[in-house]
Amino acid sequence: KLHSDLDKGVGTVKYTLSGDGAGTVFTIDETTGDIHAIRSLDREEKPFYTLRAQAVDVDTKKPLEPESEFIIKVQDINDNEPKFLDGPYVASVPEMSPVGAYVLQVKATDADDPTYGNSARVVYSILQGQPYFSIDPKTGVIRTALPNMDREVKEQYQVLIQAKDMGGQLGGLAGTTTVNITLTDVNDNPPRFPKSIFHLKVPETSHVGSAIGRIRAVDPDFGKNAEIEYNIVPGDGGNLFDISTDEYTQEGVIKLKKPLDFETKKAYTFKVEASNLHLDHRFHSVGPFKDTATVKINVLDMDEPPVFSKPMYTMEVYEDTPVGTIIGAVTAQDLDAGSSSVRYFIDWKNDVDSYFTIDATEGTIATNQLLDRESTAQYNFSIIASKVSNPLLTSKVNVIINVLDVNEFPPEISVPYETSVCENAKPGQVIQTITAADKDLSPAGQRFSFKLASEASNKPNFTVHDYRNNTAGIETRRNGYSRRQQELYFLPVVIEDSSYPVQSSTNTLTIRVCRCDSDGTIQSCNVEAIFLPVGLSTGALIAILLCIVILLVIVILYVALRRQKKKDTLMTSKEDIRDNVIHYDDEGGGEEDTQAFDIGALRNPKVIEDNKIRRDIKPDTLRFTRHRPPAEDNTDIRDFINQRLQENDVDPSAPPYDSLATYAYEGNGSVAESLSSIDSLTTEADQDYDYLSDWGPRFKILADMFGEEESYNPDKVT
């Protein structure tokens, strides 16, 4: 608010405002000097405004005082949440780090004023990531909270950090960010061979320096910590072979150093040691970071028949499988140095073998006819493999094909259940356990699954809980059931089997609502009449009484309004004749204008009613004695009007009884001049007042006055 000492409050001073934000952000009342903000202010957008004000004379437009400058400072409120400008964060920490190891420091920025209150005081906390990591609430430093976190168990962690202003108090604003933390690998795991013995077969004609086999040790570490070095332990036959590491697969490649002779020695045995190249001294206590395995090499003689990968093959196929469907394959290889290609064919012995065919090159077996499990459940035949280079060298393997039954019948509920539920049942209560049966010849281990039909899944009455052991339970989902509302419920249950193709059926359970005691023992499930309780609670009685009271109040108000309306109609009928003497103080619309102003305001304040008697009803006593005023010389008409006004106010017999008669005296010197007809004649001598005697007793006094005082000159009356 601006104020000049020269401003006396008479409107001669005008205040003006200029400067930063004048007219757009702030406005000034030119008369009072009050400064108002006309839009919302943002301290973060502009913290203060520099304005200039001046008081000028309204008439001359000249300054009354020199221009003054002032600053409006925007006071901060907590309207900005903390923000992580660098988020989301990515960090890493070595696995097996001790508790309290430094990971990362996050920082949130709050745009509010840090010098005012706690709006910009930020406190950090972890919303997601415990108990693995912790954060300093003041500095935002993230540290490990658990020891020995293993990268091989879990490598990636996502931590959700919250920054809250107001010192973390209730009502503060908060911002969040994500920190993706990766556990970096350390060499905390030694290499291990998956098996203790490796068998290799080497043709006797293998060349020196050629790779005759591969072995591999497994190291769960990563990168250089998983690099393995292989060495042959000196011993039996070790001088004939060498081993090196494949840098891409970390496998040990065994190579031949000297030629092999099947007739001289058919097998060799030696040990291979695998160790890490880069050791970590912190984990020496775990044990030696190396492992050994035995390698057995069998020298193969040349020109041998193909060898099948398995001693016997067992396959399965469903009945009615389309002709030409591949159901399996056999594999044979020539272990000789020449590595000749292999051809396959079926050893025909009877007509049963014609149900299948084999690809001569690939060894894939396919159906040649439709199979019927009811006719033949199993087929047993032989496959012969021969070398292309020498067809006389053959080998044979036995193949067994089992024909599987096609799932033709869907599972159904094993027995019809009579399911009931108590009226006082609780949610989650098992009311029935059901099982299923299948007409198919199901293989051992077939599983049935139970679920609620889709059309009943959204109803809040019952649910199906699959126990995953070919049984399921029917559970309640509501707190209590009412036979009066619904006695029977029909629950559709879908049952599926695990055979091929999958068959399913929908079975409907009928659930009857029964009356039970407090222990859940069924007392009655029959249809019987159920009556409402005859007793009412206290709350219900109070509500009924309140309704009755409200109805009575409405009836009383309606009757009162009807009576008031009837009374108003009666009073209006009695106001057909009114004597309204209207005192005009303004130049209005004339004598007929009685609606332009409040007629009650024209009452002469000098007239004081000593006795206020109700005039809206007719009094019991209708006779009243009037006091005639004494006729005196030079009596002003004002006294006469006041006398008659007092008589009219206290006279109960003067109709109308509810009319407001107002008489007022205007006085001399009216600008509108007199509206009375009394002074309209030229002389009093020309006026004849004898007719006043003919107007009745009400004008008797007036007739006497004008008859006795012929020279009487009254004032102007309106």
Just one listed residue, out of Y15, Y49, is farther than 29 Å from D112 by Cα, open to solvent by less than 40 Å² (accessible area, probe 1.4 Å) and among the aromatic types (F, W, Y), and it is Y15
Taking the criterion of being hydrophobic (A, V, I, L, M, F, W, C), in a loop (DSSP other than H, G, I, E, B) and not assigned by the TED database to the domain that holds E319, would at least one residue in region 478-496 satisfy it? no
Residue tally, condition part of a strand (DSSP E or B) and under 60 Å from the mean Cα position of the chain (by Cα), over region 356-377: 4
Reported set for region 114-144 where residues are in contact with a strand residue (DSSP E or B) (Cβ under 7 Å, 6 or more places away or on another chain), assigned to a loop (DSSP other than H, G, I, E, B) and crowded, with 18+ Cβ neighbours inside 10 Å is V122, G129, G140
By residue number, the members of region 67-79 that are open to solvent by less than 60 Å² (accessible area, probe 1.4 Å), under 30 Å from A120 (Cβ atoms) and part of a strand (DSSP E or B) are F70, I72
If you go through P82, P94, the only one that is crowded, with 19+ Cβ neighbours inside 10 Å and either touching a residue at least 60 places away in the same chain (Cβ under 8 Å) or of a type outside the set (D, E, K, R) (or both) is P82
Members of region 391-405 found to be among the β-branched types (V, I, T) and either free of Cβ contacts under 8 Å to residues at least 40 places away in the same chain or surrounded by 15 or more Cβ atoms within 10 Å (Cβ to Cβ) (or both), listed by number: T394, V397, V399, I401, V403
Could you identify the single residue in V56, V99, V74, V10 that is more than 30 Å from P147 (Cα to Cα), modelled with pLDDT of 85 or more and not polar (S, T, N, Q)? V56
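Taking the stated definitions as given, is F262 surrounded by 12 or more Cβ atoms within 10 Å (Cβ to Cβ), aromatic (F, W, Y), touching a strand residue (DSSP E or B) at 6+ places or on another chain (Cβ under 7 Å) and over 30 Å from A385 (Cβ atoms)?
Answer is no for this residue.
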Counting only residues that are open to solvent by 90 Å² or more (accessible area, probe 1.4 Å) and acidic (D, E), which one in region 309-346 is nearest to H207 (Cα to Cα)? E316
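The values are calculated or read from the model by the stated rules, or taken from the named source; none is laboratory data. A quick note: this is a predicted structure, and the numbers were derived from the prediction, not measured. With ideal geometry, Cβ positions are generated from the backbone for all residues, glycine too; neighbour counts draw on all protein chains shown. Ligands, DNA and RNA are stripped out before the accessible areas are found, and what is left, the full protein with its side chains, is counted by its heavy atoms. Shrake-Rupley method; radii C 1.70, N 1.55, O 1.52, S 1.80 Å.
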